[in-house]
Amino acid sequence: MSPSRIANISDTTALARAARIIRAGGLVAFPTETVYGLGADAENPLAVAGIFDVKARPRIDPIIVHVSDIDMANKYGVFPQRAHKLMEMFWPGPLTLVVPKTSSVPSIVTAGLETVAIRIPSHPVALDLIRTSGCAIAAPSANPFGYVSPTEAQHVAEQLSDSVDMILDGGPCPIGLESTILSLVGVIPCILRPGGTPVEELAAILQPLDTGNIVSKLPQAPGQLQRHYATLTPLDIVEEGHEDIKQTDKVGLISYKPVERHEKYETVIILSETGDMREAAANLFRSLRRLDALKLDKIIVHPVPEKGLGIAIMDRLRRCSAGRKVADS
Ligand code: TXA
Ligand code: MG
C-alpha cells in the first residue's frame, strides 16, 4: 500500500481528512483503546457494505456502532433502565451493550437483527473521529475475518493494504483486547464475549449475570465461534513444564511471565516481566502476530490465571487453538 495512506495523528490535518472520508462513504481504520477498528458512517449502508467486503466478513455477522456520547447512543439503541448505571460507570470504555435497535440503524449493520451493539470508546482519537465526522461509526476490528485483531496501525497496513482509504496511526492500543460484549436483551444480562472490561466488575453490579456461555458451541454472537481470532500457525495451550516438543519442530513460546527453561524454543516472548495481566493483555495480539510471521511448526502458550483480563486472554487463546488439545482443562 502507499505509505501515505497511513497518517500519524500528530499530523494536524489527519483527523479532518479522515472525517471527510467517513462522511463521503469511505473506510478509515482508527485506534481505539481496545483494538484498531475499520470504520464507516453507521447510517450509510453502502459504506458499511464496504466493511464486509474488505474483511471478507459474512453478512450474518453484525457490527458494533461507536458513538461519542449518551445522546448519540439513544439515537440508535433503546436502553433499559438497568443499562443506565452501566453506561455511567463503564462509558467511555471497553464495554459494548447489546440492546433493541431504533430505525436509525440500517439493517446491514445489525445483519438483520432487531438488536444493536453500541459502545462509547475512550480513546481520544476514536472520540475525535466520531465528533469530527458528525456521525456514529460502525466498526469491526480491522483484520481479515477470523484472524487476530490489530493493535497497531502497521498490523492493519500489512493485511488490509489497498482496501482502506486511510489508516489513522495513534500508536499501540493500550488495552489490546476487544471490548466485553454484554447483552441486555433477555431477562438476565448475558456476557456474549469477555474482553477489556473484567467480568467481575460487571458481576458486582448485575445480579444475576449469565457468564456461562463464554466458550459456547452454539454461537449467539459470531465472536463466539470456536475458531476465531486465530493464527495460521497451530497454537497449543500447555502448562509450563508439560510441553512435549519434537526435536525437529520449530516451536515458539508465549508466556505471560518469565520462564525457567528456554532452550527448546526457537523464540520466546514474555508478555510481562512482572506477570502483570494488563501488560500481558496489551502485548498478546502483537506477540501472536510476530510468532505467526516466523512460519513456525507450532506456537505454545502457557495458560494465564482465569480472573480479570485473564478470562478474556484465555478465551482468545482457546479460540485460537480450537480443534487442538487444551492441556489445562
Ligand atoms: O473492542 C471492540 O469491540 C472492537 C473495537 C473496534 O471497538 N470491535 C470489535 O468488533 O471487536 P468485531 O466486529 O470484531 O466484534 C464484534 C462482535 C462480533 O462478534 C459480533 O458478532 C458481535 O460483536 N455483535 C455485534 N452486534 C451484535 C448484536 N446485535 N448481537 C450480538 N452480537 C453482536
Ligand atoms: Mg473482530
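The C-beta contact set for the range 103-117 (first residue open to solvent by 40 Å² or more (accessible area, probe 1.4 Å), second residue away from ligand 2 (no atom under 16 Å from the Cβ), distance under 7 angstrom, 6+ apart or interchain) comprises Glu114/Pro100; Glu114/Lys101. Just a yes or no: is a residue in the range 37-45 away from ligand 2 (no atom under 16 Å from the Cβ) and either hydrophobic (A, V, I, L, M, F, W, C) or open to solvent by less than 10 Å² (accessible area, probe 1.4 Å) (or both)? Looking through the range 37-45, at least one residue is away from ligand 2 (no atom under 16 Å from the Cβ) and either hydrophobic (A, V, I, L, M, F, W, C) or open to solvent by less than 10 Å² (accessible area, probe 1.4 Å) (or both). Considered as a group, the residues in the range 73-111 that are part of a strand (DSSP E or B) and more than 26 Å from Gly308 (Cβ to Cβ) include one that is nearest to ligand 1 (Cβ to nearest atom), and that residue is Lys101. Looking for something touching a Phe, Trp or Tyr at 6+ places or on another chain (Cβ under 9 Å) and on the phi > 0 side of the Ramachandran plot - is there at least one such residue anywhere in the range 172-179? For the range 172-179, residues touching a Phe, Trp or Tyr at 6+ places or on another chain (Cβ under 9 Å) and on the phi > 0 side of the Ramachandran plot: present. Does Ser149 satisfy the criteria of being within 22 Å of Gly77 (Cβ to Cβ), within 17 Å of the chain's Cα centre (by Cα) and at pLDDT 95 or above? So Ser149 fails the test.
Being of a type in the set (A, V, I, L, M, F, W, C) and closer than 25 Å to Gly186 by Cα is a description that applies to Val98. You will find that of Leu97, Leu15, the residue that is touching a residue at least 12 places away in the same chain (Cβ under 8 Å), open to solvent by 10 Å² or more (accessible area, probe 1.4 Å) and touching a strand residue (DSSP E or B) at 6+ places or on another chain (Cβ under 8 Å) is Leu15 and no other.
May I ask you to verify whether Ala111 is under 27 Å from Met89 (Cβ atoms) and within 16 Å of ligand 2 (Cβ to nearest atom)? Considered against the rule, which asks whether it is under 27 Å from Met89 (Cβ atoms) and within 16 Å of ligand 2 (Cβ to nearest atom), Ala111 comes out as no.
Of the strands (runs of 3 or more DSSP E) that lie entirely inside the range 150-212, those containing 3 or more residues that are under 27 Å from Gly25 (Cβ atoms) and within 16 Å of ligand 1 (Cβ to nearest atom) span 166-169.
The values are calculated or read from the model by the stated rules, or taken from the named source; none is laboratory data. Remember, it's a predicted structure, so these values are computed and weren't measured experimentally. Counting neighbours? That spans all protein chains shown, and the Cβs are built from the backbone with ideal geometry, glycine included. Quick note on the areas: whole protein, heavy atoms, side chains included, nothing else; ligands and nucleic acids left out. Shrake-Rupley method; radii C 1.70, N 1.55, O 1.52, S 1.80 Å.
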